[in-house]
Amino acid sequence: MVSIALNTEENAIWTLTEKQTGQSINFAAPIFEVDGKQLKAFPKQWDMVNAPDTLKNGVVEYKYKGILVADTSMSLQVTFRVSPLSPVVRFCYKLESKSSHSLTKTSGKDSLTYFSTNISGFQKFSEIRISDFNEQFHSFNLNDRPIDDRFFEDNMSVIGPILVSENNDATFLFAYEHGAQIPDRFIEFGLNSSKSITLKAKKGNYYNKQPLDALNPYETIWFEAAAVKGSKQTMAQNYRTFMLKDIAINTSSRTPYIYYNTWGFQERNKCWNGKKYLTDLNLEHTLNEIAVAHKIGVDVFVIDAGWFSKTGDWKANPISFPDSLRQIKAALDSFHMKLGLWYSPTQAAITSSVAMRNSNFKTSFNGHQGEPSEVWETEPSYSMCLVSNYWKDCASEMIRNAREYGNVYFKWDAIYQYGCNDPNHNHGTAENSETERLDCYSFELCKYMNKVVDSVNSVLPDAIVDFDVTEGWRSMGLQFLSTGKFFLMNNGPYYANFNLPMPEKMMWNNIFVYPGPARARIARSPLNYDEWIPSILFLTHYLPDAPESSQTINVASLILGQNGFWGDLLSLSKESTDYIGSLIEKYKQVREDITLSYPVTVGEVGSLPEIHEKINPENGKGVVTIFSMAAGGHKYSCVTKNKVDQSIW
């Protein structure tokens with residue numbers, strides 16, 4: 001475990017110590033540029049702001065504040081969130097001022113250092129990247145990259161968001177909670193030849209002449225620091241538990257539900273059957289699907305795009321669902337299933353009351369508002385700016401929506417990181433350049449997404465928000481995982497990913513839309529996240545289609561934590577639903593254990609054999625899945641790393 005000591009030295013305003021080894025790391029004061037001058041924000045002394053507060057997830061929050069040595073009109077507040085059982089500490093800063101000041105950029109670039117620390121006592125270093133968009137899989141994947149001495153000698157920088165340092169006795173971790181697709185950088189770790197690291201702003205972290213006064217403090221994003229006795233793998237195991245239990249105050253997004261989403265059928269209906277996306281998205285078809293979804297063990301039934309009459313107001317389509325989803329909710333309740341709905345928080349239909357109330361908060365780019373565009377065969381919609389006061393109306397509408405229809409799950413879609421540089425919102429003024437306002441919007445976007453989710457969860461603590469990152473230019477990082485989860489993969493790669501021509505008579509963009517092992521291999525590729533971040537936070541969809549061999553492969557893949565189905569449920573035979581249902585029933589006996597368990601893998605995805613072990617060492621319960629493409633009845637023997645409960649097969 002770790003301890004925290006507060007100090008008042010410029011190069012050590014607080015210290016993190018790993019208790020068993022006694023090894024420590026000092027965190028230097030953050031440095032802001034205020035009124036054109038560098039301000040080293042270290043206090044004369046620290047005072048506790050209030051008594052420690054225990055949050056809903058058991059994490060304890062501590063707040064301390066101190067008047068700055070450099071300017072007594074300003075103070076720095078530090079907030080720590082610590083779990084009694086975790087070596088990972090979350091922290092953030094707030095710079096406050098009693099008098100009127102401004103954050104500035106005299107060089108034309110961000111001038112903000114969040115922290116720096118010396119790591120000369122360590123020999124091995126790694127950058128853990130989570131926002132590499134891999135075109136082969138059309139998905140983000142985790143990338144664990146070693147950092148050699150040459151990176152330090154040449155004063156290189158890395159994006160992270162996680163940096164790990166190891167020596168023979170201990171491992172330390174540093175991370176920041178934000179989101180961006182590599183190589184786009186808003187924040188970076190600067191490496192120094194003296195073996196020190198500096199976490200610094202790159203772009204968009206604030207705008208030039210941003211007010212700093214009694215009404216406008218500057219609040220940083222959250223950061224993480226951790227220390228363990230042992231290796232990087234020991235750190236990874238502890239960090240994975242932190243992501244599962246401690247980072248999010250409301251933990252419903254971590255529950256291993258089985259999800260079904262209607263879009264797989266909607267897309268199939270258009271591309272294979274020549275109909276429209278919304279042709280069969282209606283009451284009768286949906287009720288029939290719910291009955292089948294229950295048989296195969298689905299917990300959350302998600303109606304995707306098109307259930308509504310218009311975006312913004314988010315009312316059920318009166319033609320497709322004339323009873324406003326009442327029969328659907330009743331059917332789900334009878335099966336003890338939950339309702340989920342597709343939702344795009346940045347869209348508001350032309351005639352919606354939301355668009356009319358928030359006419360000043362439509363996105364604009366270089367002085368021009370975009371033309372309304374059709375949203376999945378519904379009324380054309382305006383694009384709305386979340387980094388504005390519109391975010392409050394968005395949260396209120398989601399709360400109303402959940403109360404009216406009873407949905408506990410929102411699938412968020414179509415939130416692009418670069419969308420607005422309007423000078424009248426909350427990301428810059430007319431004094432700032434269009435580029436600066438755009439960068440600031442892009443940086444602030446995920447923070448405002450979290451504000452919406454936090455507002456919803458304050459009223460509806462069991463609500464789950466799942467952010468679709470199946471496309472590029474979406475905020476991918478640790479920040480959103482502090483409140484929700486990611487909708488990571490649906491069908492996988494497009495024809496364009498492999499430079500393949502689109503078949504003339506086929507409308508489908510996707511390659512892997514057929515049942516069988518190929519699509520499942522693609523979908524399993526992001527399971528490498530599970531070493532650091534639980535796979536339950538990366539919803540990925542598998543096909544339940546016959547034959548049984550494909551169903552076995554898809555279910556065996558799904559239960560490793562990605563937990564999503566889609567496809568044409570009404571095409572399944574009774575034998576298929578009985579078979580899948582029997583497998584999912586077994587899974588549900590051990591799904592909590594699988595979710596808790598650190599992964600043990602042998603072989604890469606698609607190799608011979610590929611083995612995944614998810615066994616809870618506390619009770620021996622879990623799962624082992626073995627995949628092989630070798631023909632001819634070959635058999636494999638597997639000895640698990642963890643002891644198993646012999647009473648369960």
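Within the range 351-373, how many residues are assigned to a helix (DSSP H, G or I) and either of a type in the set (S, T, N, Q) or free of Cβ contacts under 8 Å to residues at least 24 places away in the same chain (or both)?
So the answer is 4.
Looking at residue 574, is it surrounded by fewer than 17 Cβ atoms within 10 Å (Cβ to Cβ) and either modelled with pLDDT of 95 or more or farther than 22 Å from residue 262 by Cα (or both)? Give the derivation first.
Numbers: surrounded by fewer than 17 Cβ atoms within 10 Å (Cβ to Cβ): yes; either modelled with pLDDT of 95 or more or farther than 22 Å from residue 262 by Cα (or both): yes.
So residue 574 fits the description; yes.
Consider residue 82 against the criteria (1) under 23 Å from residue 4 (Cα atoms); (2) modelled with pLDDT under 95; (3) crowded, with 19+ Cβ neighbours inside 10 Å: it satisfies all of them except one. Which criterion is unmet?
For residue 82, the exception is condition (2).
Scan 382, 416 and give me the residue that is in contact (Cβ under 8 Å) with a residue 12 or more places away in the chain, touching a Lys or Arg at 6+ places or on another chain (Cβ under 8 Å) and surrounded by 21 or more Cβ atoms within 10 Å (Cβ to Cβ).
Numbers: 416 fails: surrounded by 21 or more Cβ atoms within 10 Å (Cβ to Cβ).
From the options 382, 416, the qualifying one is 382.
Kindly list the number of the only condition in (1) surrounded by fewer than 24 Cβ atoms within 10 Å (Cβ to Cβ); (2) touching a residue at least 12 places away in the same chain (Cβ under 8 Å) that fails for residue 433.
Exception for residue 433: condition (2).
If the Cβ limit is 6 Å and pairs must be 6+ apart or interchain, which residue in the range 31-55 that is of a type in the set (D, E, K, R) pairs with which residue that is in a loop (DSSP other than H, G, I, E, B) and at pLDDT below 95?
Once the first residue is of a type in the set (D, E, K, R) and sits in the range 31-55, its partners that are in a loop (DSSP other than H, G, I, E, B) and at pLDDT below 95 give 40/10.
Could you tell me whether any residue of the range 235-245 is outside any helix (DSSP H, G or I), modelled with pLDDT of 95 or more and either open to solvent by 10 Å² or more (accessible area, probe 1.4 Å) or closer than 24 Å to residue 116 by Cα (or both)?
Here is the first cut: in the range 235-245, the ones outside any helix (DSSP H, G or I) are none.
Checked the range 235-245: no residue is outside any helix (DSSP H, G or I), modelled with pLDDT of 95 or more and either open to solvent by 10 Å² or more (accessible area, probe 1.4 Å) or closer than 24 Å to residue 116 by Cα (or both).
Can we say residue 352 is open to solvent by less than 10 Å² (accessible area, probe 1.4 Å) and hydroxyl-bearing (Ser, Thr, Tyr)? Before you say what the answer is, go through the steps one by one.
Values: open to solvent by less than 10 Å² (accessible area, probe 1.4 Å): yes; hydroxyl-bearing (Ser, Thr, Tyr): yes.
Yes.
When the residues of the range 149-179 are narrowed to those that are of a type in the set (Asp, Glu) and closer than 21 Å to residue 532 by Cβ, which ends up most open to solvent (accessible area, probe 1.4 Å)? Give the derivation first.
Of the range 149-179, the ones of a type in the set (Asp, Glu) are 149, 153-154, 166, 169, 177.
Cutting the leftovers down to closer than 21 Å to residue 532 by Cβ gives us 166, 177.
Details: 166: 22, 177: 4 Å².
It comes out as 166.
Output the number of residues of the range 535-564 satisfying the condition of being small (Gly, Ala, Ser) and surrounded by fewer than 23 Cβ atoms within 10 Å (Cβ to Cβ).
Taking the range 535-564 and keeping what is small (Gly, Ala, Ser), we get 535, 546, 549-550, 556-557, 561, 564.
Filter once more, keeping what is surrounded by fewer than 23 Cβ atoms within 10 Å (Cβ to Cβ): 546, 549-550, 556.
Total satisfying the criteria: 4.
Which one is farthest from residue 112 (Cα to Cα), of the residues in the range 1-30 that are free of Cβ contacts under 8 Å to residues at least 40 places away in the same chain and among the small types (Gly, Ala, Ser)?
Out of the qualifying residues, it is 22.
When you scan the range 118-135, how many residues do you find that are small (Gly, Ala, Ser) and either surrounded by fewer than 14 Cβ atoms within 10 Å (Cβ to Cβ) or not in a strand (DSSP E or B) (or both)?
Just the residues of the range 118-135 that are small (Gly, Ala, Ser), to begin with: 120-121, 126, 131.
Checking which are either surrounded by fewer than 14 Cβ atoms within 10 Å (Cβ to Cβ) or not in a strand (DSSP E or B) (or both) leaves us with 120-121.
Residues in the range 118-135 being small (Gly, Ala, Ser) and either surrounded by fewer than 14 Cβ atoms within 10 Å (Cβ to Cβ) or not in a strand (DSSP E or B) (or both): 2 in total.
Of 510, 499, which residue is at pLDDT below 95 and open to solvent by less than 10 Å² (accessible area, probe 1.4 Å)?
Values: 499 fails: open to solvent by less than 10 Å² (accessible area, probe 1.4 Å).
Matching residue, one of 510, 499: 510.
Is it the case that some residue within the range 279-298 is farther than 21 Å from residue 460 by Cα, among the polar types (S, T, N, Q), at pLDDT 95 or above and open to solvent by less than 10 Å² (accessible area, probe 1.4 Å)?
Let us first name the residues in the range 279-298 that are farther than 21 Å from residue 460 by Cα, namely 279-298.
Then drop every residue that is not among the polar types (S, T, N, Q), which leaves 279, 282, 286, 288.
With the extra rule that they be at pLDDT 95 or above, the set shrinks to 279, 282, 286, 288.
In the following step, the residues that additionally are open to solvent by less than 10 Å² (accessible area, probe 1.4 Å) were identified as 286.
The answer is yes, given that some residue of the range 279-298 is farther than 21 Å from residue 460 by Cα, among the polar types (S, T, N, Q), at pLDDT 95 or above and open to solvent by less than 10 Å² (accessible area, probe 1.4 Å).
From the list 63, 40, exactly one residue is among the basic types (Lys, Arg) and open to solvent by 70 Å² or more (accessible area, probe 1.4 Å). Which is it?
Values: 63 fails: open to solvent by 70 Å² or more (accessible area, probe 1.4 Å).
Going through 63, 40 in turn, the sole match is 40.
In the list 297, 274, 306, which residue meets the criterion of being part of a loop (DSSP other than H, G, I, E, B), among the small types (Gly, Ala, Ser), over 30 Å from residue 531 (Cα atoms) and under 29 Å from the mean Cα position of the chain (by Cα)? Explain how you work it out, then say what you get.
Values: 297 fails: over 30 Å from residue 531 (Cα atoms); 274 fails: under 29 Å from the mean Cα position of the chain (by Cα).
Just a single option satisfies the conditions, and that option is 306.
For residues that are of a type in the set (A, V, I, L, M, F, W, C), open to solvent by 10 Å² or more (accessible area, probe 1.4 Å) and in a helix (DSSP H, G or I), tally how many sit in the range 309-336.
Matching residues across the range 309-336 total 2.
Hey, among the residues in the range 390-413 that are small (Gly, Ala, Ser) and open to solvent by less than 30 Å² (accessible area, probe 1.4 Å), which one's farthest from residue 255 (Cα to Cα)? Step through it out loud before you land on a result.
Going through the range 390-413, the residues small (Gly, Ala, Ser) turn out to be 395-396, 402, 406.
Restricting the remaining residues to those that are open to solvent by less than 30 Å² (accessible area, probe 1.4 Å) gives 395, 402, 406.
Numbers: 395: 23, 402: 19, 406: 18 Å.
For the range 390-413, the residue satisfying everything is 395.
Between 540, 552, 577, which is β-branched (Val, Ile, Thr) and within 18 Å of the chain's Cα centre (by Cα)?
Numbers: 552 fails: within 18 Å of the chain's Cα centre (by Cα); 577 fails: within 18 Å of the chain's Cα centre (by Cα).
Only one candidate qualifies: 540.
Can you name the residue in the range 136-148 that is under 18 Å from residue 486 (Cα atoms) and assigned to a loop (DSSP other than H, G, I, E, B) and is also least open to solvent (accessible area, probe 1.4 Å) among such residues? Before you say what the answer is, go through the steps one by one.
Initial filter on the range 136-148 (under 18 Å from residue 486 (Cα atoms)): 137-143.
Cutting the leftovers down to assigned to a loop (DSSP other than H, G, I, E, B) gives us 137-138.
Values: 137: 40, 138: 20 Å².
Ranking the candidates gives 138 first.
Looking only at the range 209-221, how many residues end up being open to solvent by 50 Å² or more (accessible area, probe 1.4 Å) and hydrophobic (A, V, I, L, M, F, W, C)?
Going through the range 209-221 one residue at a time, the tally reaches 2.
Going by the conditions given, is residue 437 assigned to a helix (DSSP H, G or I), basic (Lys, Arg) and under 21 Å from residue 216 (Cβ atoms)?
Details: assigned to a helix (DSSP H, G or I): yes; basic (Lys, Arg): yes; under 21 Å from residue 216 (Cβ atoms): yes.
Here the answer is yes, as residue 437 does meet what is asked.
For residue 531, state whether it is over 23 Å from the mean Cα position of the chain (by Cα) and surrounded by fewer than 23 Cβ atoms within 10 Å (Cβ to Cβ). Please lay out each step first, then the result.
Details: over 23 Å from the mean Cα position of the chain (by Cα): no; surrounded by fewer than 23 Cβ atoms within 10 Å (Cβ to Cβ): yes.
Considered against the rule, which asks whether it is over 23 Å from the mean Cα position of the chain (by Cα) and surrounded by fewer than 23 Cβ atoms within 10 Å (Cβ to Cβ), residue 531 comes out as no.
For residue 267, state whether it is free of Cβ contacts under 8 Å to residues at least 24 places away in the same chain and either farther than 30 Å from residue 459 by Cα or buried (at least 17 other Cβ atoms within 10 Å of the Cβ) (or both). Give the derivation first.
Values: free of Cβ contacts under 8 Å to residues at least 24 places away in the same chain: no; either farther than 30 Å from residue 459 by Cα or buried (at least 17 other Cβ atoms within 10 Å of the Cβ) (or both): yes.
No: the conditions fail for residue 267.
Can you work out which of the residues in the range 149-201 that are of a type in the set (Gly, Ala, Ser), farther than 25 Å from residue 228 by Cβ and in a loop (DSSP other than H, G, I, E, B) is nearest to the chain's Cα centre (by Cα)? Give the derivation first.
If we filter the range 149-201 for residues that are of a type in the set (Gly, Ala, Ser), which is where we start, we get 157, 160, 165, 170, 175, 179-180, 190, 193-194, 196, 201.
So of that shortlist, the ones also farther than 25 Å from residue 228 by Cβ come out as 157, 179-180, 193, 201.
Imposing the further condition that a residue be in a loop (DSSP other than H, G, I, E, B) reduces the set to 180, 193.
Numbers: 180: 11, 193: 33 Å.
For the range 149-201, the residue satisfying everything is 180.
Rundown of residues vs (1) modelled with pLDDT of 95 or more; (2) surrounded by 16 or more Cβ atoms within 10 Å (Cβ to Cβ); (3) among the acidic types (Asp, Glu), yes/no style:
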| position | (1), (2), (3) |
| --- | --- |
| 18 | yes, yes, yes |
| 27 | yes, yes, no |
| 30 | yes, yes, no |
| 36 | yes, no, no |
| 46 | yes, yes, no |
| 49 | yes, no, no |
| 67 | yes, yes, no |
| 98 | yes, no, no |
| 110 | yes, yes, yes |
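List every residue pair whose Cβ atoms sit under 7 Å apart, with the two residues 6 or more apart in sequence or on different chains, where the first one lies in the range 114-139 and is more than 14 Å from residue 160 (Cα to Cα) and the second, anywhere, is buried (at least 19 other Cβ atoms within 10 Å of the Cβ) and of a type in the set (Val, Ile, Thr).
114/220; 116/197; 117/25; 117/197; 119/197; 137/522
The values are calculated or read from the model by the stated rules, or taken from the named source; none is laboratory data. All of these numbers come straight from a predicted model, not from anything done at the bench. For neighbour counting, all protein chains shown are included, and Cβ atoms are generated from backbone atoms with ideal geometry for every residue, glycine included. To get the accessible areas, we keep the full protein, side chains included, count just its heavy atoms, and leave off ligands, DNA and RNA. Shrake-Rupley method; radii C 1.70, N 1.55, O 1.52, S 1.80 Å.
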